[in-house]
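**Student:** Here it is, the structure, as structure tokens.
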Amino acid sequence: MKTVINQHLFRHSETKSAAFNNLCTIIHKLADEAVYAGEVVQNKRLLGSFRLTYDRKNELSQVNIDLSAFDALFRANMPDLQKASDYAVGKDGYVVFHASGHHSGLYVKLTKVSKEKETPSFDSRRLGKGDLVAFRLWQPGSYTIRNEPGNQEASLTVLNAENRQYPDLTKLQPVRVTLSDKRFDPDRIEKWPVQALVISIETPAALTLQSTKPPQEKSVDSKPTPKAGKKRKRA
């Protein structure tokens, strides 16, 4: 079986929940059974729209929506990438928004459709209690996570093992953090590359993740260079 690595995953080193890229995933739990109209926007450009039906009788516990699939040009170069115009979810109504491509500046809006009127329901630029944000970083180094509305701040270190002896990535559990109106808990975070960092939102939030210091690589084969001996003078 041939393994193919998505090169777009290495394109970014920073992200924002209000204008996200493939380093950020947003999980939203729908509150009401209803039909929703969704809009996918990149910066100020509408990439596309979709319809989402939430019915608790549906057996699907969550639905995954790849926002990159709404870019027609990107989709034309990715024959295996399928775009749907209708989605459905049941049970607790979890909707997972992510991007598989190179895109940045993404956000999504959901509007409840009813006979009386259309009611705004969710805007990923303004997260609230019950939402989840997952960051998955590939590059070791130091980062800062800040919540723009409340100015809470946390430090993040993506570890870089000596001699590149990393743990078994398939056995790593997500690192979990809670954002309250007072602070990130914990506010000093460590994780490995690829390992997910999941932040539970309990207060109005728009998160910014920025790199503060590049990693300091240690050479695997680095050894002290022996000092050269003094040469004898010829008689």
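The values are calculated or read from the model by the stated rules, or taken from the named source; none is laboratory data. These numbers were taken from a predicted model, which means no experiment stands behind them. Glycine also receives a Cβ, built like all others from the backbone with ideal geometry; neighbour counts cover every protein chain displayed.
**Student:** Just checking, which of Y107, Y87 is part of a strand (DSSP E or B), under 22 Å from F135 (Cβ atoms), in contact with a Lys or Arg (Cβ under 8 Å, 6 or more places away or on another chain) and among the aromatic types (F, W, Y)?
**Tutor:** The match here is Y107.
**Student:** Where residues in the range 23-65 are part of a strand (DSSP E or B) and small (G, A, S), which of them is farthest from S13 (Cα to Cα)?
**Tutor:** Among those that are part of a strand (DSSP E or B) and small (G, A, S), it is A34.
**Student:** May I pose another question? Test K112 against the stated conditions and say whether it is more than 18 Å from the chain's Cα centre (by Cα), exposed (fewer than 14 other Cβ atoms within 10 Å of the Cβ) and among the basic types (K, R).
**Tutor:** For K112, the condition - more than 18 Å from the chain's Cα centre (by Cα), exposed (fewer than 14 other Cβ atoms within 10 Å of the Cβ) and among the basic types (K, R) - is not met.
**Student:** Identify, by number, the condition in (1) assigned to a strand (DSSP E or B); (2) surrounded by fewer than 16 Cβ atoms within 10 Å (Cβ to Cβ) that D92 doesn't meet.
**Tutor:** Going through the list (1) assigned to a strand (DSSP E or B); (2) surrounded by fewer than 16 Cβ atoms within 10 Å (Cβ to Cβ), D92 breaks only (1).
**Student:** Among the residues of the range 148-174, what is the count of those that are within 15 Å of T203 (Cα to Cα) and without any contact (Cβ under 8 Å) to a residue 12 or more places away in the chain?
**Tutor:** So the count comes out to 1.
**Student:** Can you name the residue in the range 145-171 that is part of a loop (DSSP other than H, G, I, E, B) and closer than 20 Å to L23 by Cα and, of all such residues, is modelled with the highest pLDDT?
**Tutor:** E148
**Student:** Would you check if R183 is more than 30 Å from L30 (Cβ to Cβ) and without any contact (Cβ under 8 Å) to a residue 40 or more places away in the chain?
**Tutor:** When the stated conditions are applied, R183 does not pass them.
**Student:** Considering the range 27-77 alone, what residues qualify as being under 19 Å from the mean Cα position of the chain (by Cα) and of a type in the set (F, W, Y)?
**Tutor:** If the condition is that a residue be under 19 Å from the mean Cα position of the chain (by Cα) and of a type in the set (F, W, Y), then F70 is the only one that fits.
**Student:** Against the definition (surrounded by 16 or more Cβ atoms within 10 Å (Cβ to Cβ), closer than 27 Å to K109 by Cα, free of Cβ contacts under 8 Å to residues at least 24 places away in the same chain and of a type outside the set (S, T, Y)), how does V177 come out, yes or no?
**Tutor:** So V177 passes the test.
**Student:** Where residues in the range 178-235 are among the small types (G, A, S) and at pLDDT below 90, which of them is nearest to H98 (Cα to Cα)?
**Tutor:** The extreme case among them is S219.
**Student:** Which ones in the range 117-136 are under 14 Å from S17 (Cα atoms) and part of a loop (DSSP other than H, G, I, E, B)?
**Tutor:** S124, R125, R126, G128, D131
**Student:** Specify which of the listed residues (A76, A134, A99, A88) is out of contact with any helix residue (DSSP H, G or I) (no Cβ under 6 Å at 6 or more places or on another chain), closer than 17 Å to V63 by Cβ, in the same structural domain as K29 (by TED's automatic domain parsing) and not hydroxyl-bearing (S, T, Y).
**Tutor:** A88
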